[in-house]
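The values are calculated or read from the model by the stated rules, or taken from the named source; none is laboratory data. Not measured: the values here are computed from a predicted model. Counting neighbours? That spans all protein chains shown, and the Cβs are built from the backbone with ideal geometry, glycine included. Accessible surface areas use protein heavy atoms only, side chains included; no ligands, DNA or RNA. Shrake-Rupley method; radii C 1.70, N 1.55, O 1.52, S 1.80 Å.
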Amino acid sequence: MGKKPPSSDATATTPVTNAPARQRLFLALWPDADVRNRLQALGEQHVDSGRRTRPENLHATLAFLGAVDADTRACVERVAGNIDGQAFSVTLDCLEHRPRQAIVWAAASHVPAALTRLVEQLRAGLMQCRFEPERRPYHLHVTLARKVRRGQTAVAIDPIVWHIGKFVLVESRTYASGASYQVLRSWSLTGSESSQRS
Ligand code: 3AM
């Protein structure tokens, strides 16, 4: 999902030297410790080549935002805060090798209606922040490894049931040692334990 280019007027009047700092952001579902441990074990069991995702980086992307300025981040946070979403459970039941992207991911063969609604609401809201509309269908997945050249296309796994009561805004930073993801904010979904407590 990319941002629309600024209008030609904005380009002409924005001083390059004062360009605001940008953050590389995405919206995601973040696993709890139990699900993260199970995903880590799955990667260790099934992936013996390429580069496994560090356990602390395991997640399912809802919407990739790219490098955004402070105003756009504020807009994204307003959109996220206005989401009227329900908590749900998703079952990761399949390991897939995607040869074109050289990725191995854990995926869910069934997408719960609450997840579809959440993604639809986010995509519609992000258009208000001038993001290009995302038209590709949403497939929930957790990337377990990259640069995997060979592997079975799809393998059934012991199901991992993931209870999802919130979604998060994450900053991605790239270092020589690899990507580092930091959760900046989270929003509860109705019916989750955290939203019942608040
Ligand atoms: O959640 P996964 O691992 O599928 O590949 C990146 C990762 O996806 C993806 O955003 C997630 C968090 O970094 N990503 C990175 N650059 C992207 C781009 N330009 C991108 N997705 C779409 N467009």
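Odds and ends about this structure:
- Pair N57, D32: separation of 7 Å Cα→Cβ label points (nm): 2.6 nm
- Convex hull projection area averaged over all views, the range 65-104, Cα basis, nm²: 5.0 nm²
- When you restrict to C-alpha pairs under 8 Å that are six or more residues apart and normalise by the size of the chain, the relative contact order lands at 29 percent.
- If you plug the beta carbon distance of Q121 and E193 into 1/(1 + (r/R0)^6) with R0 = 22 Å, you get a FRET efficiency near 0.55.
- Lone cysteines, the chain (no partner Cβ under 4.7 Å): C94
- Amide hydrogen neighbours beyond the local backbone of G85, cut-off 5 Å, H modeled: T190
- Candidates V104, V119, V161: whichever shows maximal mean-square fluctuation once the chain is modelled as a Gaussian network with Cα springs under 10 Å: V161
- Charged side chains reduced to their Cβ positions (Lys and Arg at +1, Asp and Glu at -1) give the chain a dipole of some 600 debye around its Cα centre.
- Mean separation of Cα contacts under 8 Å (6+ apart) over length of the range 72-165, as relative contact order %: 44 percent
- Amide N proximity, the range 45-70 versus T174 label position 7 Å along Cα-to-Cβ, cut-off under 19 Å: 51-54, 57-59, 61, 63-69
- Residues of the range 113-151 falling in the label zone of D84, defined by backbone nitrogen less than 17 Å from a point 7 Å along Cα to beta-carbon, are 114-126.
- Per residue, the chain exposes 58 Å² of accessible surface when a 1.4 Å probe is rolled over the protein heavy atoms with every protein chain present.
- Gaussian network model of the chain, Cα within-10 Å springs - most flexible of G43, G178, G165: G178
- Rh by Kirkwood over Cα pairs, then Stokes-Einstein D for the chain at 1.567 mPa s and 4 °C, µm²/s: 72 µm²/s
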